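Derivation of every value follows stated rules applied to the coordinates shown; laboratory data play no part. All values reported here derive from a predicted model rather than from experimental measurement. Positions of Cβ are generated from backbone atoms using ideal geometry, with glycine treated the same way; all protein chains shown enter the neighbour counts.
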């Protein structure tokens, strides 16, 4: 049940088991069936199990397979998929009741694809029923009608919803042009497709599944790698997206290699473009600027399904492909475009003669550009340039047209252009030079009414045909040669930044003949003053020595000031700043501390009453100048000097 339906289905016990498998979901009231018998070996009663649709004693199957099988019959079809059968001959009277197990066996037989133009198998069966009506003196031309689960649809075009049926292997036909389908036979010919998407086959009037082993009723299925009853680990899935934002004509999206299976290409959204597919030969979809209808196509050794619904497209193929497939996109507008592709390729390397084969380039006609319009007004045409292009590794290049000589060359696309009417207008020449080089004169030009022809040629027309008043053909002017025109540039910066200096500018004569009056010439230089950089360092007087005996320090105030205004500033150069401190030397002091003889108790006595440095600004200098041995300095900088003596004691120890 989980295999035939969905994992939530369970076995329905209220029905007879071996004649048909019934399944249900806990939430459903009724059971469902596909009329297929359960798998052989399914328990059906105490000591019994199912075999070929019958509930028999649980003994070995070989004991109940009496009778010999006949040979396999010829395939029910001569092209595409058909059915072959064989029958068991039972001993005795030959009645079916004397043999246990199935009386018939079926297997799938594959044939070459049907040639183009051959009707679908159901259509062919309907046409075989074309008979002469006794009351309408003409022959009915029947066409097949299939049931998609809701409506009855004719194979050739839409058919209105009439009725539903649970007879997928019955032949419903409709007279051409009529709305009412008629049941012509309860059983279609063996090998007729049935079931959802036509993936199952009719055998003896029953729609049966067949496995990848070719046996009807078998549960053998191909994995996504194409291996019958495989585990799906012999291949890898290749998927990706192709996006394109600009361009027109054919653009290569990707090359699908030989051996690919389960190919699927879907547009992300409806677009004004077309998917195209082409193999190394001449088989293609939507190539050479020819757009196909939805349908199936034999390309690269596989059947390709092409679906187009409005502006949305999809391409799928089961595979495997026997040659590389070029996936192209035919673009007509500069717009964002995207598609998703997916396929599988085997993990095992291809044979050496295939793996080392370099993909062959693809040659095709493309519209490479637009010619210029054949007229400039009045309505004309412009055509596309049809050129032979080579597509390889997503690169497109123009090649000689002889490379495409065996391909059908498309007609150029034509667009209307320059549809504005040819107009008449006033045409004027340039003004002549002024009649006088100095003083008042006149200028002249030619003015004419012209008519523009479609090829761009201008011819003279009547003045009344031009719109608006006629432009002037003469005007007054004045010669500039005798005029004095001096042009002065911008003043430069002052030559000094603190005090009085000079600034300059350029002065030139702009008269065409350089006839400017020198007496009116503007000056090129003038005096200037600039005090923006007048900052200097100002020093105060030195202070008294910081000690009354021995070595001390003196300090003074240093400030950056404007030497004219006296304002403080920060424009002085730090490299030129004078010293703010200097040592001073007075007569030696009597009381000194001998660093080499000082003991720890005395150092403790000296530092016990230390409450911190009294002159923090000078104490660093006192220590650097080795003045801590002077008791007076030691008392004023006891904290700094205490650290000094502590280091001395450590060095001594």
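Below 8 Å between Cα atoms, with a sequence gap of 6+, how large is the relative contact order for the range 376-443 in percent?
37 percent
Using every alpha carbon pair in the range 235-350, what percent of pairs falls into each 5 Å bin from 0 up to the bin containing the largest distance?
The percentages, shortest bin first, are 2, 12, 24, 26, 20, 11, 4, 1, 0.
Between residue 533 and residue 614, what is the spin-label point distance in nm, taking each point 7 Å from the Cα along the Cα→C-beta axis?
4.8 nm
Could you tell me whether the range 366-519 comes out rounded, prolate or oblate from its Cα gyration tensor? Rule is a ≥ b ≥ c as square roots of the eigenvalues, rounded for a/c under 1.5, then prolate if a/b exceeds b/c, otherwise oblate.
The shape class here is oblate.
For the peptides 507-520, 296-309, what is the packing order when you average, over each peptide's residues, the other Cβ atoms within 10 Å and list the highest mean first?
Most protected by this proxy first, the peptides run 296-309, 507-520.
Using 7 Å Cα-to-Cβ label points, what is the residue 395/residue 455 separation (nm, one decimal)?
So the label points at residue 395 and residue 455 sit 4.4 nm apart.
With an 8 Å cut-off on Cα pairs and a minimum separation of 6 or more residues, tell me the relative contact order of the range 199-246 in percent.
18 percent
Label residue 584 and residue 492 with points 7 Å out from Cα along Cα→Cβ: what is the distance between them in nm?
5.2 nm
Pairs of alpha-carbon atoms within less than 8 angstrom and 6+ residues apart define the contacts here; what relative contact order does the range 235-350 have, in percent?
For the range 235-350, the relative contact order is 49 percent.
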